[in-house]
1. With label points built 7 Å along Cα→Cβ from the Cα atoms of Arg52 and Glu100, find their separation and express it in nm.
2. Counting only protein heavy atoms and using a 1.4 Å probe, what share of the accessible area of region 1-72 belongs to carbon plus sulfur, as a whole percent?
3. Please compute the length gained on full extension between Leu29 and Leu6, using 0.36 nm multiplied by the number of residues separating them and subtracting their Cα-Cα distance.
4. Just to verify a number: FRET efficiency for Val117 and Val19, C-beta to C-beta distance, R0 = 25 Å, to 0.05?
5. Just to confirm, what accessible area per residue do you get for region 2-42 at 1.4 Å probe, in whole Å²?
Amino acid sequence: LSVDTLTASHLGVDVRREVAWLLGAGTLLAATAVALAGPIGFAGLLVPHILRLAAGPDHRLLVPLAAIAGAGFLVLCDLIGWRGLEWLGAGGLTIRSTTEIPAGVITALVGGPVFLVLLIKGERHFR
């Protein structure tokens with residue numbers, strides 16, 4: 001059952017304490033997922049946020065799209081890492097095709113700047 005903060009406080013719930021506890025627990029769970037899965041778990045945090053901007057907040061559509069797009073994003077990152085910079089045509093910065101860049105490195109290189117853009121955009125939204 002979901003109620004607003006005013007109703008919850010009238011029912012005797014310390015709303016600030018509960019919100020702080022839930023935010024802390026969610027942060028700990030997300031950090032644990034990234035620590036266990038490595039930087040690849042970062043895609044699980046990034047892809048749904050990007051899709052929510054495009055597809056809206058309806059979870060009936062968002063969950064299947066996030067699963068498909070997240071898998072596609074990781075396959076693309078692995079493909080880029082498998083072929084190395086030579087596949088991207090970087091000229092003098094070629095890496096032999098036997099050298100593999102881990103997919104986690106590619107997700108971090110792509111996801112870091114995108115995540116910063118989302119954070120900045122979100123901060124402007126809440127001002």
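The values are calculated or read from the model by the stated rules, or taken from the named source; none is laboratory data. The shown structure was predicted, so the numbers you read here are calculated from the model rather than taken from an experiment. Cβ coordinates were reconstructed from backbone atoms using ideal geometry, including for glycine residues, and neighbour counts include every protein chain displayed. The protein model used for the area step is the full one, side chains on, heavy atoms only, and it has no ligands, DNA or RNA in it. Shrake-Rupley method; radii C 1.70, N 1.55, O 1.52, S 1.80 Å.
1. 3.3 nm
2. On the way: 3840 of 5340 Å².
The computed percentage sits at 72.
3. Details: separation 23, 0.36 × 23 = 8.28 nm, distance 2.76 nm.
Roughly 5.5 nm would be gained on extension.
4. Numbers: r = 26 Å, r/R0 = 1.05.
Calculated transfer efficiency: 0.45.
5. Values: 3270 Å² over 41 residues.
So region 2-42 comes to 80 Å² accessible per residue, rounded to a whole number.
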